[in-house]
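Working notes, beginning with the structure itself.
Read-outs: derived from the displayed coordinates by stated rules, not from any lab. Source: prediction; values computed, not measured. Methodologically, a virtual Cβ is constructed for each residue, glycine included, from the backbone with ideal geometry; neighbour enumeration extends over all protein chains shown.
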Amino acid sequence: MKTLPITRRLGLIAAALAATALTGLAQAADPVKLKLSSFEPPMANITSNVLTPFAKEVAAASGGTLQIDVFAGGTLGRNPTQQLKLVTDGIADIAWIVLPYTPGRFDDTEVVGLPFVSRSATETSVALHRLYASGVLVGFNGLKMLAVAATPPVVIHATQPVHMPGDLKNKRVRASGQHLTNIIEAVGGAPVSLGGGQIAEALSRGVVDMTLNNWGFVGDFKVDEVSSQHLDVPLGAVAVGIVMRQDRYDALPPQARAAVDKFSGEVLARKLGVAFDRQEKEVRERVSKSGRNTVTEPSAAELAEWKRVVEPINEAWRHAKPRNERTYDAFVKELGRVRASQ
């Protein structure tokens, strides 16, 4: 057998070592892949205008260390009430969640649900995230909240005219969150808990008589197609969030964590609020011009009656636990700072 010259053998060995090193570098450069779950369809407001751009921006800023794949339309889990569990069980790495769907855990965020306190999703989202970032809010152990935000205030959508609190008496009213439940019960209504995708059918079949939702929600879930009467009385916002498990976040490469940090936090909370508010305006205008729906602004006397009815319920929440009053005071002060800066 012919023996290769030593220089040739050394060259082949060097080439083999270089190829092995390049293979190792290529393997090391493979990005970490995260799954982002959305129960909305791909073209729905938050998924298309916030989550998908967020995934792309973070990946681009990560220097190739991170890839975020968006699984929309409930691909990883269709039930909106189970999105947090998808994250804690490791089925999804990131999800956007509705906080009242996990009763008893995020009680502090109920502060956004107090009627007549907040005016828009943008100001409420920024104020609420600042409370989270400063440690005022509790209930987030083991979680990394990329954003804590809120919807615009919910209003009433019904199959029959509604003007006064007494119009809810003996009616079945869909709502999420304990505070709205308390309001419904206080005026003699029967609160009903339903997932977003069930509301339109429940209204059309008479399972519920009305529902409390923001206008964007009405557009996403076609509630306006089965309800005809809408009363624009602001009965409090609903807290939402974009969440990771803390240990999953901590395990990311430093460059990937830095990219996530750059596009999350108050920046992301504000983007959620702006997207909610823009959709709120668009859907309300469309429904108002539909010809089949009646959108009513309460008169001064009607608004005063709503405030009279809900104020004792707001007061009861503020004094239900010692920390509620502190949370309320901190939230109102932060709202004032946000408004002053606009």
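Overall, the ratio between the Cα radius of gyration of the stretch 239-342 and 2.2 N^0.38 Å, rounded to two decimals, is 1.56. Our Cα-only numbers for the stretch 63-144 put the radius of gyration and Dmax at 14.8, 46 Å. Return the calculated 222 nm mean residue ellipticity for the chain, to the nearest 500 deg cm²/dmol, obtained by summing -39500 (n - 2.57) across DSSP H runs with n ≥ 4 and dividing by the residue count. Value at 222 nm, helices only, nearest 500: -14000 deg cm²/dmol. Here the dipole of the chain is about 1120 debye; that uses its Cα centre as origin and unit charges on the Cβ of Lys and Arg (positive) and Asp and Glu (negative).
Tell me, rounded to the nearest percent, the portion of alpha carbon pairs in the stretch 147-245 spaced more than 23 Å apart.
Working: 917 of 4851 pairs.
Tail of P(r) above 23 Å: 19 percent of Cα pairs.
Within the stretch 239-342, the trypsin sites (Lys or Arg not before Pro) that combine a DSSP coil assignment with at most 11 other C-beta atoms in a 10 angstrom radius are K289, R292. Over the stretch 134-175, the Kirkwood radius and the radius of gyration, each from Cα atoms, give a ratio Rg/Rh of 1.22.
Computed from Cα positions, the angle between helix 300-320 and the longest principal axis of the chain comes to roughly 60 degrees.
Between helix 266-288 and the chain there is an angle of about 50 degrees, using the helix long axis and the longest principal axis of the Cα atoms.
Only Lys, Arg, Asp and Glu count, each charged at its Cβ (+1, +1, -1, -1), so figure out the dipole size of the stretch 172-299 about its Cα centre, rounded to 20 debye.
Numbers: 16 positive and 16 negative charges, 56 e Å.
Dipole of the stretch 172-299, to the nearest 20 debye: 260 debye.
Taking the chain as the reference, fit the longest principal axis to its C-alpha atoms, fit the long axis of helix 322-341 to the helix C-alpha atoms, and give the angle between the two in degrees, 0 to 90, nearest 10. Between the helix axis and the principal axis of the chain, the angle is about 80 degrees. Neighbour counts of C-beta atoms inside 10 Å place E311, E40 in the sequence E311, E40, starting with the fewest. Each distinct pair of alpha carbons in the chain adds a 1/r term; the inverse of their mean, the Kirkwood radius, is 21.8 Å. Secondary structure note: in the chain, about 55% of the DSSP beta bridges are antiparallel. So, in Å, what gap is there between the alpha-carbon centers of the stretch 288-342 and the stretch 29-95? Result: 32 Å between the Cα centres.
On a per residue basis, the convex hull of the C-alpha atoms belonging to the stretch 99-172 measures out at 124 Å³.
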